[in-house]
1. Where a Cα-Cα gap under 26 Å defines reach, which lysines qualify for LYS122, not counting those fewer than 8 residues away within the same chain?
2. Going Cα to Cα from LYS28, which lysines come in below 18 Å? Please leave out same-chain ones fewer than 8 positions away.
3. Amide H of ASP362: which non-local residues (sequence gap of 5 or more, or other chain) have their own amide H closer than 5 Å, using H built in the peptide plane?
4. Starting from the Cα of LYS294, draw a straight line to each of the lysines and keep only those under 25 Å, dropping any in the same chain fewer than 8 residues away.
5. Going by C-beta contacts inside 10 Å, put SER47, SER347, SER259 in order with the fewest on the left.
6. Take the Cα coordinates of region 348-417, assign each an equal point scatterer, and use the Debye formula without solvent to give log10 I(q)/I(0) at q = 0.18, 0.21, 0.22, 0.28 Å⁻¹.
7. Return an integer: the convex hull volume of the alpha-carbon atoms of region 2-434, in Å³ per residue.
8. Using unit Cβ charges (K, R positive; D, E negative) and no other charged atoms, how large, in debye to the nearest 20, is the dipole of the chain about its Cα centre?
Amino acid sequence: MASVQTEGQDKTGCPVDHGKVLAESTLKDPAILAHPNAYYAAMRADSPVHYDAKLGMYLVSRYEDLQKVFADPVTFSVGEGFKYIYGGEYFEEFKAILERNGGGFFPDAIMSDPPYHTRIRKLMESAFTAHRVKELEPRIAKVIVDFIDGLTDKGRCDAVEDFAVPITIHVICEQLGLDHFDSKKVSRWSQAVTAQISAMQDRDQMVENAKHICDLQNYLIDRMRERERDPREDMISDIVHARSPDGDGSALTFPEAVSLIRAIMIAGNDTTATALSNLIFILATQPEIAQQLKDNADDDRFLNRFVEEMLRIEPPVRGLSRMATRDVELGGTLIPKGSMMLNLYASGNEDPNVFPCPRDFDVTRLNIGRQVAFGGGVHRCVGLALARMEIKITARELIKRWDDIKLDIAVEDIDYLPSVATRTMQHLPITFSRRA
Ligand code: HEM
């Protein structure tokens, strides 16, 4: 086992620092966003459902309270929560730009509540069948291996810009069936969409982001029209031709289909790229973990556990929003109807009541599968099999080819994207050598 953080100690003697007084802090503080563990620990200990006044949200920090949110998707509404945070204070202007220049404003159909969500989710799952995932595995492996091989002799790269982001974009475009794409453009589109739930966007950024989202939608609509005429073996065709498994023939409307294809492109992009960057960060800063991976690179069971523990200790998605649709008590706090909440998956994943010594990277944990990096309940990540596969193949193929992976930057100098939704490194310069 290797310790990832060594500040202070909790009552079991494990490393935790309860940090600053909660009342004076906010999750919007860039320093806390970058290094949130002490803040999460303070909340779990002293104010488990904590009202962050500057953010205007109740932060749900304990594992058991997250489970209660997962179990009641009507009281804790994704649809209302998403609508509230989406686009921020400039929403109407944002919507008008998309209607004018982006083929329309297509609300995110999957970001909704039962019973509507149940129908959409079933139709979306037709793009994530075992057949589709299995068929993609060799193609995904080839993309990843080609990328690693292309960098190996360079001996250095930015693990975010040269590695994690382009690999993920290639994989997602492979899934969607997009042959000719500009990966820089796809990356910019992705940032533009995720900025809408960052709670950190100013007006100029909104206008710029809206322009990119228009471009993205126009591109996707053209590809959808092609598949309407001529279906292929890809996810865009799966969605365009989705039929209800109940045999009632109900398909997606065109705006729903656009929103789902856009969601697949974006939800699977930033999150998985962040997971790959986190993988490299751990390998570069924890040589004993790199050694464990090297020793077990052909053990599929070990690799599955490794991926799970990696996602537990460094979850790409920090927190996603909900709205309370009635007055409700959670974790000893009364949340009034209409309040915004943030499910802190990252905090749940290091709750010491569920994961003892939570900052220890330990692939032998008995309850490793309980981690919540993919959320839970009816909104649990629809792309998790693909994401796990991509991370596993990358870990296995990378460790077989690279040795001595080291940071080429001081840990304190790593910049994180300002977002309450994800914890994403902007750059990660590393050095490495070809494995003998
Ligand atoms: C490591 C990578 C990934 C992480 C950490 C991740 C995380 C999550 C989380 C936490 C949720 C729950 C949302 C909530 O509670 O409101 C979610 C939902 C979702 N994810 Fe992922 N995801 C990843 C990869 C992917 C991929 C590869 C795809 C698609 C190809 C994808 C598509 C989606 C979609 C569409 C939803 C919404 C599901 C629903 O509300 O029913 N994700 N993801």
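1. LYS68, LYS83, LYS134
2. Filter leaves LYS20, LYS54.
3. none
4. Partners within reach: LYS142, LYS154, LYS392, LYS400, LYS406.
5. By the 10 Å Cβ count, ascending: SER47, SER259, SER347.
6. -1.11, -1.19, -1.18, -1.11
7. Taking only Cα atoms, region 2-434 has a hull volume of 140 Å³ per residue.
8. Result for the chain is approximately 620 debye, rounded to the nearest 20.
Where a number appears in this text, it was derived from the coordinates with a stated rule and is not lab data. Every value quoted in this text rests on a predicted model; they were computed, and no experiment measured them. Every residue, glycine among them, receives a Cβ derived from its backbone with ideal geometry; neighbour counts consider all protein chains shown.
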